[in-house]
Each structure stands twice: as structure tokens, then as C-alpha cells.
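For reference, the structure is listed below as C-alpha cells.
The values are calculated or read from the model by the stated rules, or taken from the named source; none is laboratory data. All figures in this text were calculated on a predicted structure; none of them were measured in a lab. Methodologically, a virtual Cβ is constructed for each residue, glycine included, from the backbone with ideal geometry; neighbour enumeration extends over all protein chains shown.
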Amino acid sequence: MARPVMITCAVTGSADTTRKNGNVPVTPREIARDVIAAAEAGACIAHIHVRDPESKLESRDPALFDEVVSRVRESGTDILLNLTTAIGTRVMFDDATPMRLSPVTDFLLPEERTRHVARNRPQLCSLDLCTMMYGDEPYINLPNHIRSIAETARHHGVKPEIEIFNPGDLVLLKEMIGDRLFVEPLVVQFVLGVRYGAPATARSLLALLDELPPRSVWTAFATGVNALPMAAQSILLGGHVRVGLEDNLWVAKNVPATNAALVEQAVRLVESVGERPATAQEARLILGIGPVASGG
């Protein structure tokens, strides 16, 4: 029998990508519209960041998350929502006095990073375990902050999607499993090909899978030109799929993508290897979660 493969659509992301592709949704109305279109195209999970409608840059305003979630839920669309907590993690040092932080540092307490999760109680939220260089800036997730975010998610009945960028992140994960912070099955996502992270290669993915804790549901994805090849490798090795304009702006060379078009491409890929896209209800069973009281 064909295996149900979950397709996640990461609809907008946090990078300054709107100038490269005008299809990147910005306003809550646009983001919700793309979530609904992704569901209609075959996605069963939507990963959500929000943007400031004026600057078009990443925002952490809980009201923007509230509006996106409300619009999707009110539409009656059956799709699982996965809200980011990857906000407030950037640390910048003062060039003249490196012992001081630059005023543009954006580093938040865990309760600020999860306020929108507590308010909206999605089925999933992301949980980055990495501390690494992200471009030219330190990207920092302190272990005590990670544990606090995991505890908040568990308190509100939200399943963390555990993001793995490097092999060392799996060491931390195993320590956290011992702290009983997660309910099985674990939901793990390998983020490959990010600068200074694990490379987007089959050899890299296999090495990470060798250290994957048992009873884990997993996805591997990569960005840009590596997005589709890594999706194929993830399916063939028993994982699931993530696509979307957060990760890849092009559906083909010089052809700007839409979120729906990327999901449709993923559906064709899943079916081409004899599997089938999972429904939202099947995703709940795979992930071991149920609907939240507020209708999500």
C-alpha cells in the first residue's frame, strides 16, 4: 500500500525575499490565502511566520499571528498549523567594543517567543535546537530557553517540531528526551544546506538519521536548487516533505513560484515514487495529535 507522506508548506519565512518574488505573501490576509491554497493543492501542514505589512520584513507581533490563524480557521480549511518560535534569536556585537552588544540585537525571553503560540494553540510549533552562525550573525538558542519553549508548548497541548541543523543538535535533543519534555512520537525536521549547517547531501542526511532517536517522525528539507532533490531523498528514506516560498522562490529556472505551485510539484514527486500525499486527518494520526479546543 502507498505510504501517506505529509507535505508541509512554509508559506513566507523571515528573509527579505519579497523583492525577489512578488508572490511571497506579506499581510495576514495574503498569508492565510496562501495557507488555504496550499491545503487545496495537497499540503496538510502550514508553517507560518508573519511580516510587517508596511516594511514587508519579519514581525513577531502576536496580533498578526492571531489574524492569520483566525482567517484560516474561519475558512473551515482542514490543515494543521505550525507557528514559528524562531524569533528573537539574533545577537550582534558592537564593532568598536565587542564586549558590548549592538543596539540592533534582537534576543528575546522564551515567553516572548511563545506568546502567539500560547494565544492560538496551534497543533505544532517549531523548536530550533541550534546555536550557530547564520550568515554573519550569531543565531543563539540557549538550552534553558529551548527547554522553556518546550515546556510552554507541552502545557498548551502543542507539539514541537524539533529543528535539527547540525549533528550536535541531536546530542542536545537526546538530553532533553531524558528530561521528559516531549510526548512521543517526536517530530523532527532536518534543515540542510543552510550556510554553516549540515550540507544538503544524501551522505549528510544518512549520518543524521543514524543518530535519530527511536519513535521519531521526520522530515528533511533544503533550500533553493537543493529543495526538490532533498524532498525526493526524504521520501525515499521514509521521511516527509517540506516546500514553500520560505525555502525556495522558483518553481523552475527563472519561473517565480507560488506556494500552491510548489505544493503541486511536491504532490507529483510523492506520487511519482508510488506514495500519496497525507490528508490532515492522517497527519494527526501520524503525529499523535488531535484537534485543539479552539477549532484548529
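Looking only at the stretch 139-153, decide whether some residue is over 26 Å from SER102 (Cα atoms), of a type in the set (Lys, Arg) and without any contact (Cβ under 8 Å) to a residue 60 or more places away in the chain. Yes: one or more hits. So for the stretch 239-260 (the condition being out of contact with any Asp or Glu (no Cβ under 9 Å at 6 or more places or on another chain), of a type outside the set (S, T, N, Q) and assigned to a helix (DSSP H, G or I)), does at least one residue qualify? Looking for residues that are out of contact with any Asp or Glu (no Cβ under 9 Å at 6 or more places or on another chain), of a type outside the set (S, T, N, Q) and assigned to a helix (DSSP H, G or I), one finds none in the stretch 239-260, hence no. Looking at ALA41, is it of a type in the set (Gly, Ala, Ser), touching a strand residue (DSSP E or B) at 6+ places or on another chain (Cβ under 6 Å) and in contact (Cβ under 8 Å) with a residue 40 or more places away in the chain? So ALA41 does not fit the description; no.
Pairing each residue of the stretch 191-211 that is among the aromatic types (Phe, Trp, Tyr) with any residue that is modelled with pLDDT under 95, provided the two are 6+ apart or on different chains, yields C-beta distances under 6 Å for TYR196/MET133. Here ILE31 qualifies as closer than 23 Å to PRO277 by Cα, touching a Pro at 6+ places or on another chain (Cβ under 8 Å) and modelled with pLDDT of 95 or more. Applying the set (1) basic (Lys, Arg); (2) surrounded by fewer than 16 Cβ atoms within 10 Å (Cβ to Cβ); (3) modelled with pLDDT of 95 or more to ARG180 leaves exactly one unmet item: (3).
Here ALA198 clears all of (1) surrounded by fewer than 20 Cβ atoms within 10 Å (Cβ to Cβ); (2) part of a loop (DSSP other than H, G, I, E, B) except the condition numbered (1). Condition first: polar (S, T, N, Q) and part of a helix (DSSP H, G or I). Now tell me which residues in the stretch 108-162 satisfy that. Result: ASN120, ASN144, SER148, THR152.
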